[in-house]
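The values are calculated or read from the model by the stated rules, or taken from the named source; none is laboratory data. Remember, it's a predicted structure, so these values are computed and weren't measured experimentally. All Cβ positions, even for glycine, are placed from backbone atoms using ideal geometry, and neighbour counts span all protein chains on display.
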Amino acid sequence: MTRHTAEVVLVGAGVVGASVAWHLARRGCRDVVVVERAERPGEGSTGRATGGFRVQFGSAVNVGLSLLAREELAAFPELVGGETVFDPCGYLFLASSDGALTELRAAIGVQREAGLGESREVGLDEIREINPHASLAGVLGGTWCPTDGFVRPLAVLGGYLDAARRLGVEVRFGEEVVGIRVEGGELGGESGGGGGPRIAGVVTGRGEIATRRVVNAAGAWAGGLAAMAGAELPVVPERRQVAATRPFEGLPERMPMTIWADDGFHLRVRDGRVLLLRPRETAGESPFDTRFDPGWLDGLIELARERVLALAGAEIDPAASWCGLYEISPDRHAILGESPDVAGLYFANGSSGHGVMHAPALGLLLAELLLDGQATSLDVTPLDPGRFRAGRPNRAPTLL
């Protein structure tokens, strides 16, 4: 076994972990080791993301995260390097009930207060102009933000990893964490106060890396990693499936993401195929099972053809469809900051399906927490890891 030391060990080389690594290195903290059990980039949840990006959220902190992320994504080639990763094609929410429309309207008020000025309510005539392919049968109205759009998840991931490496970060693939060494105090004691446990090292299949600070960026597997250190992290996996059509030219590539808010059905066009999504899920053999279940497709193409008449000739390609994992927190908001159980253990977890879009902001904010002791770019109190024990979960509209 070999031994190594690092100022920070970062577990997980998905897009959130890669963002944290680059933001740390950009600030001058370059004695950073990233360990990832996969053999190559993009084998986890990042490579299975559909690439949607929106600022239209129903909670102020999520709007703030998106605004921070959007600024960085728009300047990605100049700031980080690599290619253009963001295309503002817009997001269109459609409501077919008074309840859904009321929630969408309330969310616009939250967005205004949090600094988003572009989102607005739209009526049926404007909806027809924004997306003439969407059927308006039963639709009462909706909301629209033209500066929402799409990102390229693997390009974002690759850009961050390449830039971090150029600045001196060491990234190790094919190296699984098998233990976290903690010293001092009793597990469950006060962290950071001298009497409680604190991080001492990370043990992988190749040896131990001595460190005083570990960042958990393990995505859907984050809860198990935290447990290795004796810390509690309420993050669980949730299977999400995506149906891809066979190559199809009947819809434009830059059609806005269109979401029927009442049941969550939504679609976009990517690489010449239409991606169809709905929240109805089927159980795998385990919570971490990412094999696609063809039974989930039942009735989906019929629903899609009702909602988008141009899909009348489209067919689903089961071989091109896939299943990924969301990392879900109890309030479906990210968990960001130092563990209340173990000093030196930091969380960047629980984004609940928004990890790719919020990765730039989460990396920036966690770098501030690590290097400055506080986040200054955004108030991250709503994301505090101790909020659930304190009875302070975030509350937001169920649609957003």
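Structure above, values below:
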{"quantity": "Single residue of Leu275, Leu311 found to be in contact with a Lys or Arg (Cβ under 6 Å, 6 or more places away or on another chain) and under 18 Å from Gly51 (Cβ atoms)", "calculated": "Leu275"}
{"quantity": "Residue in segment 66-79 that is out of contact with any helix residue (DSSP H, G or I) (no Cβ under 9 Å at 6 or more places or on another chain) and among the small types (Gly, Ala, Ser) present", "calculated": "yes"}
{"quantity": "Those strands (runs of 3 or more DSSP E) lying entirely in segment 1-85 with at least 1 residues surrounded by fewer than 17 Cβ atoms within 10 Å (Cβ to Cβ) and among the basic types (Lys, Arg)", "calculated": "2-5"}
{"quantity": "Hits in segment 345-356 (condition: buried (at least 22 other Cβ atoms within 10 Å of the Cβ) and in contact with a strand residue (DSSP E or B) (Cβ under 8 Å, 6 or more places away or on another chain))", "calculated": "Leu345, Tyr346, Phe347, Ala348, Asn349, Gly350, Ser351, Gly355, Val356"}
{"quantity": "Residue within segment 234-242 that is touching a helix residue (DSSP H, G or I) at 6+ places or on another chain (Cβ under 6 Å), in contact (Cβ under 8 Å) with a residue 40 or more places away in the chain, farther than 22 Å from Asp331 by Cβ and not assigned by TED's automatic domain parsing to the domain that holds Arg181 present", "calculated": "yes"}
{"quantity": "Matching option when the condition is in the same structural domain as Met228 (by TED's automatic domain parsing) and either more than 17 Å from Ala69 (Cβ to Cβ) or surrounded by 20 or more Cβ atoms within 10 Å (Cβ to Cβ) (or both), among Ala283, Ala359, Ala314, Ala304", "calculated": "Ala359"}
{"quantity": "Segment 317-337: number of residues that are buried (at least 22 other Cβ atoms within 10 Å of the Cβ) and charged (D, E, K, R)", "calculated": "1"}
{"quantity": "When residues of segment 92-117 are limited to those that are acidic (Asp, Glu) and free of Cβ contacts under 8 Å to residues at least 60 places away in the same chain, the one nearest to Val308 (Cα to Cα)", "calculated": "Asp98"}
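Residues are listed down the side, and each one gets a yes or a no for (1) farther than 30 Å from Ala361 by Cβ; (2) more than 26 Å from the chain's Cα centre (by Cα):
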residue	(1), (2)
Asp298	yes, yes
Ile301	yes, yes
Ala310	yes, yes
Ala319	yes, no
Trp322	no, no
Tyr326	no, no
Pro330	no, no
Leu336	no, no
